1. Residue under question is Thr255, and the condition is that it be among the hydroxyl-bearing types (Ser, Thr, Tyr), under 30 Å from Phe165 (Cα atoms), at pLDDT below 95 and in contact with a helix residue (DSSP H, G or I) (Cβ under 8 Å, 6 or more places away or on another chain); does it hold?
2. Scan the stretch 313-339 for residues that are under 30 Å from Asp296 (Cβ atoms) and either outside the structural domain of Ser384 (by TED's automatic domain parsing) or out of contact with any helix residue (DSSP H, G or I) (no Cβ under 9 Å at 6 or more places or on another chain) (or both) and report the count.
3. Which of the residues spanning the stretch 327-342 are of a type in the set (Gly, Ala, Ser) and without any contact (Cβ under 8 Å) to a residue 12 or more places away in the chain?
4. Name the single residue, out of those in the stretch 276-312 being in contact (Cβ under 8 Å) with a residue 60 or more places away in the chain, in contact with a helix residue (DSSP H, G or I) (Cβ under 6 Å, 6 or more places away or on another chain) and part of a loop (DSSP other than H, G, I, E, B), that is surrounded by the most Cβ atoms within 10 Å (Cβ to Cβ).
5. Please count how many residues of the stretch 370-390 are of a type in the set (D, E, K, R) and either assigned by TED's automatic domain parsing to the domain that holds Val218 or surrounded by fewer than 24 Cβ atoms within 10 Å (Cβ to Cβ) (or both).
6. Checking the condition over 22 Å from the mean Cα position of the chain (by Cα) and without any contact (Cβ under 8 Å) to a residue 24 or more places away in the chain, which residue from Gln454, Gln462 passes?
7. Could you grab me the full set of residues in the stretch 50-84 that are of a type in the set (S, T, N, Q) and either buried (at least 17 other Cβ atoms within 10 Å of the Cβ) or not assigned by TED's automatic domain parsing to the domain that holds Arg183 (or both)?
8. If you take the residues of the stretch 110-134 that are under 26 Å from the mean Cα position of the chain (by Cα) and polar (S, T, N, Q), which of them is nearest to Pro100 (Cα to Cα)?
Amino acid sequence: MKILFVASEAYPLVKTGGLGDVLYSLPHALHARGADVRLLLPGYRALLRQLDQVRILGWLDVRGADGMVSVRILETRHSEFAFPLWIVDCPRLFDRAGNPYVDAGGQDWPDNAERFTVFARAAAQLAQDALDLGWQPSVVHTHDWQTGLVGGFLADQPLRPKIVFTIHNLAYGGYFSHSDFVRLHLPSHWWTHEGVEFHGGFSMLKAGIVYADAVTTVSPTYAAEICTPAFGYGLDGLLRSRRAKLHGILNGIDTTIWNPSTDVYLPSHYSAGRIQPGKRRNKQALLERFLPHVDDAAMQAPLLGLVGRLVGQKGIDWVLAAIPLLLAETDARFVLLGSGQAAYEQKLARLAQQHPERVMVEIGYDEPLAHLIEAGADMFLMPSRFEPCGLNQMYSLRYGTPPIVFKTGGLADTVIDTNAATLADGSATGFVFDTPDVAALLEAIRHALDLYRQPVQWRRLQQIGMRQSFDWSESAGHYLTLYST
């Protein structure tokens, strides 16, 4: 089976979140099962600088906002990928410093509509073997709003491939104006309520839903949630009407990269059968990164970790409200890594300045530190208001770091609350609260801290979590079945 993946990011070349991780792991899982895979990415400056050997497959002329745009299609083999990568190289649109989607000030690039329309048009042409490469996919798997128009451009083509569109986060809809629609010369018959039109503008994500043969989300619970007004962002009616083609397939994690017994970023390896002293040495290394001196009190105190975007979705405001109370009533310490809204970054930095021995903060993203937090923390904070799937809670389970989560989306599908019954039957893996507020988060954290003081029970909880299976094998099988039906 020939599968063309079309996406705006893929680890390790470019990553802003879980989308990048999935676009590394899922294609590899399918490749391992015999699929013939290509992955198409935009030619961002930072991505191109990481490529060594590149060959030009050809040139395509596609329509942009001000006439035709010429793009080069490059092919490269990268040491981290087991299959060829294809790159849409268009310097005017993609050769710029910084984030793939926003400028240095955190504002959307003003030409995002053109950037990802040109990318989608190029993808659609490649899916029809416009360069006569002798490779034509039977499936085109597109991801999130940046690729939502691909299905539309292919919809009316004869003998077209099957189109699968995955929603990684419905909160980001790729919304643009009617004037952008006109400037980009998008097909006029798309401009209907049943097409891409959305409240006077248009949505690339909506296009992905409308024109795909199958739509997937990244967890079963999230697939149900987005069909409700509370989680649907105005698209819940459309999704309910397309329910027959909507599938919730839980993301997996790459268990070769995220493996505490082999993780290249850890100073000490460990496994479910022998958690200590490896985890303790990682905790010490993590604390030493931030503290001039690590004493016994610091090692004995529970350490809560957080890695993620500092935005409202992730419940960071609840965390900020909870930390001062926990500092006052417990000996807990916190280590947090992330970036996002400036106000949250500033509040975290202020807490770290006020409590340098107990609140440790790194603003930005650091892959080695993310791994060390998963391994060195005693428990992991992930109180997202909504979470399509989430990967960090699965990393945490694998690393013996019980997660504290709100009962939503993929968090509900992967974390089992700890109580007497679930501990007894061996199903408990973390701490789950189901009321979306600070008080419920605090109650869950206090429950975790209480159990942490019971070493036998805590070790049992760690071992249950570490023995869960979250690799891609089962999910890859679901995708292959979906591609074939």
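1. So Thr255 fits the description; yes.
2. Matching residues across the stretch 313-339 total 1.
3. Ala328
4. Gly308
5. 2
6. Gln454
7. Thr76
8. Going through the qualifying residues, I end up with Asn112.
The values are calculated or read from the model by the stated rules, or taken from the named source; none is laboratory data. Here the structure is a predicted model, which is why all the values come from computation and not from measurement. Quick reminder, even Gly has a Cβ in these numbers, built from the backbone with ideal geometry, and neighbours come from all protein chains shown.
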